1. Among (1) modelled with pLDDT of 95 or more; (2) out of contact with any Pro (no Cβ under 8 Å at 6 or more places or on another chain), there is one condition Val141 misses while meeting the rest; what is its number?
2. Pairs, please: C-beta under 7 Å, at least 6 apart or cross-chain, first residue free of Cβ contacts under 8 Å to residues at least 24 places away in the same chain and of a type outside the set (Val, Ile, Thr) and in region 53-71, second surrounded by 14 or more Cβ atoms within 10 Å (Cβ to Cβ) and in a loop (DSSP other than H, G, I, E, B)?
3. Can you name the condition, by its number, that Asn62 falls short on among (1) within 17 Å of the chain's Cα centre (by Cα); (2) on the phi > 0 side of the Ramachandran plot; (3) loosely packed, with under 12 Cβ neighbours inside 10 Å?
4. Which residue out of Ile87, Ile134 is over 27 Å from Ala31 (Cα atoms), in contact with a strand residue (DSSP E or B) (Cβ under 8 Å, 6 or more places away or on another chain) and modelled with pLDDT of 95 or more?
5. Being within 27 Å of Pro44 (Cα to Cα) and modelled with pLDDT of 95 or more is the requirement here; does Leu124 meet it?
6. What tally of residues in region 36-90 results from selecting those that are of a type in the set (A, V, I, L, M), part of a loop (DSSP other than H, G, I, E, B) and under 22 Å from Trp21 (Cα atoms)?
7. Which one is farthest from the chain's Cα centre (by Cα), of the residues in region 135-145 that are of a type outside the set (Gly, Ala, Ser) and surrounded by fewer than 24 Cβ atoms within 10 Å (Cβ to Cβ)?
Amino acid sequence: MAQRKTRTLIKCSDKNSLRYWTKAKNPLIVALNYIIIAICRILPSLSLKCWLLRRIGVKLGNNVSFGLESTLDIFFPELIEIGNNSIIGFNTVILAHEFLIDELRVGEVRIGKNVTIGANCTILPGVEIGDNSIISAHSLVNSDIPPNVLAGGVPARVIKKLGMQKSPTNKTLHQQNADS
């Protein structure tokens, strides 16, 4: 698995990077992002949810679905990209920043096309999830996940490769796996 691609945004000497977040982002923008994301967490309308998330900079493909209570990064939503036909499960958290003891780090999160992320997952900054992959529920994605795999666990690891050839029912095996 590839190393997460993050960069240091703020380095501090007093061992508490959380105290310095206002140097990285305008607090009014963060407040607006928080309000929009809080609304999106409980909003049942997928089209309105996607419309609002695009307004704060999240890059969303067509037909992206978010389960209720899913949460995106309030500080750097513009670093999140989700491909066409992807599903983000209930109560999943997607982060584009992390506060370490003495630094604030950020990283782009790229979720490919036709990806299914199960309920209660956490996606850390700087990771890429390849097209047609499935992430099982309650997983912690802290490194890149290749395309066409089922991954899961804490931390998430590849469980098996998924075939993409057509079946007799004219569904891809990925679609069949997602249906079961």
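The values are calculated or read from the model by the stated rules, or taken from the named source; none is laboratory data. Computed from a prediction, not measured in an experiment: that's the story for all the values here. Positions of Cβ are backbone-derived with ideal geometry, glycine not excepted, and every protein chain shown enters the neighbour counts.
1. Condition not satisfied by Val141: (2).
2. Close Cβ pairs satisfying both conditions: Asn62/Asn84; Asn63/Asn84; Asn63/Asn85.
3. The single condition Asn62 does not satisfy is (2).
4. Going through Ile87, Ile134 in turn, just one is over 27 Å from Ala31 (Cα atoms), in contact with a strand residue (DSSP E or B) (Cβ under 8 Å, 6 or more places away or on another chain) and modelled with pLDDT of 95 or more: Ile134.
5. Spelling it out, Leu124 is indeed within 27 Å of Pro44 (Cα to Cα) and modelled with pLDDT of 95 or more.
6. Of the residues in that region, 3 qualify.
7. Within region 135-145, the match that is farthest from the chain's Cα centre (by Cα) is His138.
Residues are listed down the side, and each one gets a yes or a no for (1) among the acidic types (Asp, Glu); (2) closer than 27 Å to Lys15 by Cβ:
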{"site": "Ile39", "(1), (2)": "no, no"}
{"site": "Leu60", "(1), (2)": "no, no"}
{"site": "Asn63", "(1), (2)": "no, no"}
{"site": "Glu69", "(1), (2)": "yes, no"}
{"site": "Phe75", "(1), (2)": "no, yes"}
{"site": "Ile101", "(1), (2)": "no, yes"}
{"site": "Arg110", "(1), (2)": "no, no"}
